[in-house]
Amino acid sequence: MFLGTHNPRLDEKGRLFLPAKFRDRLAEGLVVTRGQERCLYVFPLDEFMRLAGQMQAAPTTSKAARDYTRVFLSGASDEVPDKQGRVTIPAALRQYAGLSRECTVIGTGSKLEVWDTASWTAYLESTEQAFADQSEEVIPGLL
């Protein structure tokens, strides 16, 4: 499970140093793709294959399913980290997420999210109070 917040840097070649605690799980390969709120999602290869299979099983008659699948899969790039634990983030994905040198990587359970640090800080500031004030069940049966 991916947990926590980490602040690696993007090098001049567009490579991101994966947090050490995640490297073993991602060593065999990963997929990076567009995420929501202009971040990037990073999945272990097996988890990505599971999700892609579910997307492909969705009815092609559903415009929403087609649209989501197109955006999600068309931005996907399969990568293998190098021996130092660096992974190349393709230029189009760096641009999509507005990544600069300073990045924030957060664990969200089955995936990682990669954010430009300024964007993550703004997002967190805009949502943290709503999280604290939540008075109804957001995820059924959770709390």
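By the rule of a C-alpha distance below 25 Å, with chain neighbours fewer than 8 residues away ignored, the lysines paired with Lys21 are Lys13, Lys83, Lys111. For Arg23, project a label point 7 Å along Cα to C-beta. Then give me every residue of the range 99-124 with its amide nitrogen under 13 Å of that point. Backbone N within reach: none found.
On the basis of the beta-carbon distance and an R0 of 22 Å, Gln54 and Met1 show a calculated FRET efficiency of 0.65.
Counting each pair of different Cα atoms once, what's the Kirkwood radius of the chain in Å, rounded to one decimal? Please report the intermediate quantities before stating the final value.
Numbers: mean 1/r = 0.0616 Å⁻¹.
Over the chain, the inverse of the mean reciprocal pair distance is 16.2 Å.
Distance between the 7 Å Cα→Cβ label points at Ala132 and Glu37: 1.7 nm. The longest part of the chain holding none of the exposed loop trypsin sites (Lys or Arg not before Pro), meaning those outside H, G, I, E and B in DSSP with at most 11 other Cβ atoms within 10 Å, is 14-82.
Each peptide in 103-110, 51-58 receives the mean, over its residues, of other Cβ atoms within 10 Å, and ordering these scores from highest gives 103-110, 51-58. A cut-off of 5 Å between modelled amide H atoms, ignoring neighbours fewer than 5 places along the same chain, links Arg86 with Leu18.
Work out the length of the dipole vector of the range 5-132 about its Cα centre, built from +1 on the beta-carbon of each Lys and Arg and -1 on the beta-carbon of each Asp and Glu, and round it to the nearest 20 debye.
Working: 17 positive and 16 negative charges, 50 e Å.
Around 240 debye, computed over the range 5-132.
Applied to the range 53-61, the Karplus parametrisation 6.51 cos²θ - 1.76 cosθ + 1.60 on θ = phi - 60° returns per-residue 3J(HN,Hα) values of x, 5, 5, 5, 7, 5, x, 6, 7 Hz, with x for Gly and Pro.
Evaluating 6.51 cos²θ - 1.76 cosθ + 1.60 at θ = phi - 60° for every residue in the range 23-30, the Karplus couplings come out as 4, 4, 5, 9, 4, 7, x, 8 Hz, glycine and proline recorded as x.
Read-outs throughout are calculated quantities, based only on the coordinates presented, and are distinct from any laboratory measurement. All values derive from a computational prediction rather than experimental measurement. Positions of Cβ are backbone-derived with ideal geometry, glycine not excepted, and every protein chain shown enters the neighbour counts.
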